[in-house]
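What follows is a short report on a single structure.
Each reported figure results from applying straightforward, stated rules to the coordinates on display, with no laboratory input. What you see is a predicted model; the values in this text were computed from it and never measured. With ideal geometry, Cβ positions are generated from the backbone for all residues, glycine too; neighbour counts draw on all protein chains shown.
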Amino acid sequence: MPQLTEPANLPPPPYNSSTSIFQNTTIRQTIRVTQPGHEIRLRLSNAFGLGDLSVTKVAISLPVDQKLGTSAIQSNTTKDVLFSGSADIIIPNGGLVVSDPIAFPVKAQDTLTIDIYLQQGQGGGAITSHPGSRTTSWMSFGDWVGKKNLTDSSVKSVDHWYFISAVEALLPSTSRSCAIIGDSITDGRGSDTNKNNRWPDLLLTRMQQNLTTNSIALLNQAAGGNRILADGLGPNVMSRIDRDALAQSGVRYAIIFEGVNDIGVADADPEVQKKIGDRLIIAYQQIVTRLHAASIPVFGATITPFGAPANASDVQPYSDPIREDTRQRINEWIRTSGVFDAVLDFDQVLRNPEAPAQLADEYDSGDYLHPNVAGYQALADYFPLNLFEEFRS
């Protein structure tokens, strides 16, 4: 999911100067595809740039040993990426481009390496990225597109993605995709870097082992800090549902797992929390209505716990009995309102049975809000795969 890059997530010096970001720079990034295909294409985004993004050259390769986060590629697999037949393209501010189709066979869960070379870089101080990639990316001065490894003394690495919006594959008409709209819990906070063990990754592994679901692509459209009602780290859900679900190829299902940040950043005041709860309910209804208009069934997930134990030495800013009341109110509404086509009771999966306002100890990453990998595995194991067949039509 494209986001405006916060200052802390901009590339390190010297790739970030007062006049240009990524000037004369090759960015090497690895991503994973969720479906097999013989032909793919790449989406690049300048959604949050203040000016043009001049892309000089792009290529796609297989990484060495199918390793996520590596800077080494199998150079004999490299294919140039073209845009309307041209190697270079200018993406205006706010714009998105789609590459020409590339004959590049991939298997489900394959890792790909994408090289982007920017000769001019991008001015204006604002660039488009996905900070919570949980994946190491590499950068080097000069044109290193398609080179086996980045060996220049200027090489640096970060755990973010830049400018990549999506990789699409040409699939049979029977294939489908599911857009997951979420926040940091879906984005994988608490998972391991370069391990692909967010809960959607682990769910995908289950789906690939099931004949009724192995043709469904998962689109992880999540961002840490995201909210439904207001912009935060990324646009609010009400504004991004078109871009991140309706405008995506082949979407036949949507999952909404959001709301914790709306509750958590609002004052722990009964009147304030009452208004937040009221607005969240209306927003959920609006989101479902818009997705239903496109004949997309919507699965709603309950909000997972964020309470800290009374004797906790660490502070969890969201933890408060008044906010917990709002969480319980919203979860009860999600379970019983009938607005969602199906309910994913993630709260029930992760909560401590003896203290339902808290995550179970074995699922807590340590901040009382984000699950650990065991928690993400529990969500993936719980997910009822039969929903995809039940709502196939």
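In sequence order, segment 104-119 has phi-based couplings of 8, x, 9, 9, 4, 6, 5, 9, 10, 10, 10, 9, 10, 10, 10, 6 Hz under the Karplus curve 6.51 cos²θ - 1.76 cosθ + 1.60, θ = phi - 60°, and Gly or Pro positions carry x. Quotient of the Cα radius of gyration of the chain and 2.2 N^0.38 Å, N being its number of residues: 0.99. Among beta bridges from DSSP that stay inside segment 171-390, the antiparallel ones total about 15%. Under a Gaussian network description of the chain, with springs only between Cα atoms under 10 Å, the residue in Ala230, Ala103, Ala293 that fluctuates furthest is Ala293. Every Cα-Cα pair of segment 62-208 was included, and the share exceeding 20 Å stands at 57 percent. The DSSP beta bridges internal to the chain are antiparallel in roughly 70% of cases. Among Thr336, Thr56, Thr30, the residue with the largest mean-square fluctuation in a Gaussian network model of the chain, with springs joining Cα atoms closer than 10 Å, is Thr336. In this rough spin-label picture, where each label sits 7 Å from Cα along the Cβ direction, the Asp367-Asn76 distance is 4.4 nm. With 0.36 nm allotted per residue and the present C-alpha distance subtracted, the Thr19-Arg279 stretch has 89.4 nm of extension available. The simple spin-label model puts a point 7 Å past each Cα toward its Cβ; for Ser173 and Thr151 those points are separated by 5.1 nm.
Each of Arg329, Arg335, Arg134 was scored by other Cβ atoms within 10 Å of its Cβ. Arranged with the fewest first, they read Arg335, Arg329, Arg134.
Highest mean packing comes first when the peptides 69-79, 7-17 are listed by Cβ atoms within 10 Å, giving 69-79, 7-17.
Between Ala374 and Gln316, the contour length at 0.36 nm per residue exceeds the alpha carbon distance by 18.8 nm. Only Lys, Arg, Asp and Glu carry charge here, each on its Cβ (+1 for the first two, -1 for the last two); on that basis the chain has a dipole of about 1040 debye about its Cα centre. Taking other residues whose beta carbon is less than 12 angstrom from the beta carbon of Tyr382, and scoring Lys, Arg as +1 and Asp, Glu as -1, yields -2. With contacts taken as Cα pairs under 8 Å at a separation of at least 6 residues, the chain carries a relative contact order of 16 percent. Shape descriptor for segment 192-255: Rg over Rh equals 1.02 (Cα atoms; Rh from the Kirkwood inverse mean 1/r).
Placing a pseudo-label 7 Å from each Cα along the Cα-to-Cβ vector at Arg335 and Arg206 gives an inter-label distance of 1.9 nm.
Per-residue 3J(HN,Hα) values for segment 358-364, derived from phi via the Karplus relation 6.51 cos²θ - 1.76 cosθ + 1.60 with θ = phi - 60°, read 10, 5, 4, 3, 6, 10, 8 Hz in sequence order (x marks Gly and Pro).
With all projection directions averaged, the alpha carbon convex hull of segment 171-390 covers 11.9 nm².
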